[in-house]
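A.B. asks: I have a structure here, written as structure tokens, and I will follow up with some questions on it.
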Amino acid sequence: MAEGGGTNVLDENVPVYEHVEVNSKPFHLGSFRDLWLSVLKPEDYSFSQTSGEIEEAQFIEEMGITPETLEELKTICSPDSLRCHAEDEAPDPDVVPADPQLATLKLRKRRLDYKKTLIRDNVGRHDAYANEMEMLSLGRRAEDASDTVPEGELVLTFNVIYPVLFERFKHVRAYQTLHVLGSQKLTELRDAICCVSDLQVFGEFSNTPDMVPQFISKDHYKSAFFFFEGIFYNDMRFPECRDISAVTREWTKSRDFPEFKTAKMEEATFSELRVKVGFPYLYCHQGDCEHVLILTDVRLIHKDDCLDRKLYPLLSHKHRVVTRKCCVCHLYISRWITTNDALAPMDPCLYCDQCFRLLHYDQHGNKLGDFQAYAYVDPGAFN
């Protein structure tokens with residue numbers, strides 16, 4: 001406690017558990033960063049390659065050895081000493097020797113031999129892609145020095161959860177995992193979140209299936225908000241944006257709720273937020289499409305991270321969605337959904353573009369029967 005009975009600033013800005021192994025108490029992200037920078041030495045978070053030399057000097061001092069002994073240790077412990085081939089050879093790292101001696105290679109060979117016994121199409125394709133998204137960004141540097149992330153910058157990790165749109169949805173999955181910088185605006189995260197509702201095309205097109213839609217939902221309905229710790233951050237970048245949190249705030253006034261505040265999403269940075277780690281927050285767009293956001297990690301950026309600011313928010317995980325195939329051919333992805341359709345085996349019913357036209361229109365393009373048709377956007381479009 002500080003003098004006069006006030007709370008210590010250090011206690012307020014260091015995240016501690018509110019509920020053990022669930023979420024922390026609220027803390028200010030920018031102040032938490034400042035506390036780290038006040039404790040750490042500049043070489044601890046520097047991107048400079050000379051930090052390795054500083055670490056070596058500290059190691060020599062702490063261990064009480066000579067530089068010659070350190071060089072000998074580096075030679076003995078070098079990964080090159082584990083080479084099982086001649087220096088002038090370049091073996092394929094994906095090929096395991098027939099009779100490996102290392103325990104790790106034995107386990108890998110056993111797994112590869114097991115995979116060969118499986119009869120599946122595209123084995124491991126999606127697993128490899130999921131790993132590739134994260135690995136491709138490691139160590140990336142900006143072409144322009146002005147786009148380099150500064151030293152001591154915060155990196156926040158957010159899990160974006162699927163919106164719960166139907167009762168049978170029993171599992172909570174991270175639809176996306178995004179890394180954002182503390183200095184970025186909230187609107188940058190909002191623009192990076194992918195949702196199929198942003199791609200929907202409204203209107204009934206059974207009489208005009210060849211008409212090109214003038215807009216998608218994201219172009220027309222641009223309002224959205226984040227809700228963090230009692231504050232609605234509304235996206236007001238465009239003239240057609242509206243404060244869609246007003247309905248909720250009016251409702252809370254008639255109940256026993258504290259007064260909620262509002263702010264503009266495009267003016268707030270993540271470092272200005274006061275949030276909890278592990279706590280579910282809200283992102284709402286398209287009027288009533290709601291996503292849960294969970295902040296899972298807060299740390300300082302280091303030299304092995306992606307240092308190109310233009311690549312943030314950085315996508316490191318994307319859940320694979322099973323595509324909905326046409327109910328007629330069971331081959332192509334659905335592009336149309338019909339209702340009140342006497343020719344359909346179910347209501348509503350999904351069709352690919354080819355089956356939809358062959359079944360519902362004659363050779364001159366005239367509509368057959370009475371039905372309603374709507375453009376369908378498959379969630380697998382983001383795969």
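A.B. asks: Quick check: net charge around residue 350, other residues with Cβ under 10 Å of its Cβ, Lys/Arg +1 and Asp/Glu -1?
C.D. replies: With Lys, Arg at +1 and Asp, Glu at -1, the net is +2.
A.B. asks: On to the next question. Taking 0.36 nm per intervening residue step and subtracting the Cα-Cα distance, what contour gain separates residue 288 from residue 207 on full extension?
C.D. replies: Answer, rounded to one decimal: 26.2 nm.
A.B. asks: State the volume of the convex hull built on the alpha-carbon positions of segment 186-227, expressed per residue in Å³ and rounded to an integer.
C.D. replies: 86 Å³
A.B. asks: So, in Å, what gap is there between the alpha-carbon centers of segment 316-383 and segment 220-270?
C.D. replies: Between the Cα centre of segment 316-383 and that of segment 220-270, the gap is 36 Å.
A.B. asks: Let me test this: with uniform point scatterers at the alpha carbons of segment 336-382, what is the Debye-based log₁₀ I(q)/I(0) at q = 0.15, 0.20 1/Å?
C.D. replies: Taken in order of the listed q values, log10 I(q)/I(0) reads -0.38, -0.64.
A.B. asks: Convex hull over the Cα atoms of segment 127-318, averaged projected area in nm²?
C.D. replies: 15.0 nm²
A.B. asks: When you have a sec, figure out the Kirkwood radius of the chain from all distinct Cα pair distances and drop it here in Å to one decimal?
C.D. replies: After inverting the pairwise mean of 1/r, the radius is 26.1 Å.
A.B. asks: If the only charges are +1 at each Lys and Arg Cβ and -1 at each Asp and Glu Cβ, what is the size of the charge dipole of segment 336-382 around the Cα centre, to the nearest 20 debye?
C.D. replies: Computed charge dipole of segment 336-382: roughly 80 debye.
A.B. asks: Express the relative contact order of the chain as a whole percentage, based on alpha carbon pairs under 8 Å and six or more residues apart in sequence.
C.D. replies: 21 percent
A.B. asks: Then there's this: Between helix 51-63 and the chain, what is the angle of the helix's C-alpha long axis to the longest principal axis, kept within 0 to 90° and rounded to the nearest 10?
C.D. replies: Helix 51-63 and the main axis of the chain meet at about 40 degrees.
A.B. asks: Calculate the spin-label point distance for residue 374 paired with residue 297, positioning each point 7 Å from the Cα along the beta-carbon direction, and give it in nanometres.
C.D. replies: 3.9 nm
A.B. asks: Cβ neighbours within 10 Å, averaged per peptide: list 289-297, 261-269 in order, most packed at the top.
C.D. replies: Ranking the peptides 289-297, 261-269 by packing returns 289-297, 261-269.
A.B. asks: Sticking with this structure for a sec: Could you compute the net charge surrounding residue 198? Neighbours are other residues with a C-beta less than 11 Å from the C-beta of residue 198; K and R count +1, D and E count -1.
C.D. replies: +1
A.B. asks: Mind checking which lysines have their C-alpha under 20 Å from residue 185, skipping anything on the same chain fewer than 8 residues away?
C.D. replies: Cα-Cα hits under 20 Å: 218, 222, 261, 264, 276, 310.
A.B. asks: Then there is this: From Cα pairs below 8 angstrom and at least 6 apart in sequence, can you work out the relative contact order of segment 182-310, rounded to a whole percent?
C.D. replies: Averaging sequence separation for qualifying contacts and normalising by length gives 27 percent for segment 182-310.
A.B. asks: Let me ask something additional. Measuring from label point to label point, each 7 Å out along Cα→Cβ, what is the residue 216 to residue 75 span in nm?
C.D. replies: 6.0 nm
A.B. asks: Measure off 7 Å from each Cα along the Cα-to-Cβ vector at residue 111 and residue 343, then give the distance between these two points in nanometres to one decimal.
C.D. replies: So the label points at residue 111 and residue 343 sit 5.0 nm apart.
A.B. asks: Then there is this: Out of every Cα pair in segment 199-301, what percent are spaced more than 19 Å from each other?
C.D. replies: Of the Cα pairs, 55 percent sit more than 19 Å apart.
A.B. asks: Cut-off 10 angstrom, C-alpha nodes, Gaussian network model of the chain. Which of 257, 270, 32 fluctuates the most?
C.D. replies: 257
A.B. asks: Place a point 7 Å from Cα of residue 19 in the direction of its Cβ. Which residues in segment 269-291 have their backbone N less than 13 Å from it?
C.D. replies: 277-281
A.B. asks: If you take every residue apart from residue 266 with its C-beta less than 15 Å away from the C-beta of residue 266, what net charge results, scoring Lys and Arg +1 and Asp and Glu -1?
C.D. replies: It works out to a net charge of -1.
Any read-out appearing in this document is the output of simple, stated calculations on the displayed coordinates, not a laboratory observation. Computed from a predicted model, the values in this text were never measured in an experiment. Positions of Cβ are backbone-derived with ideal geometry, glycine not excepted, and every protein chain shown enters the neighbour counts.
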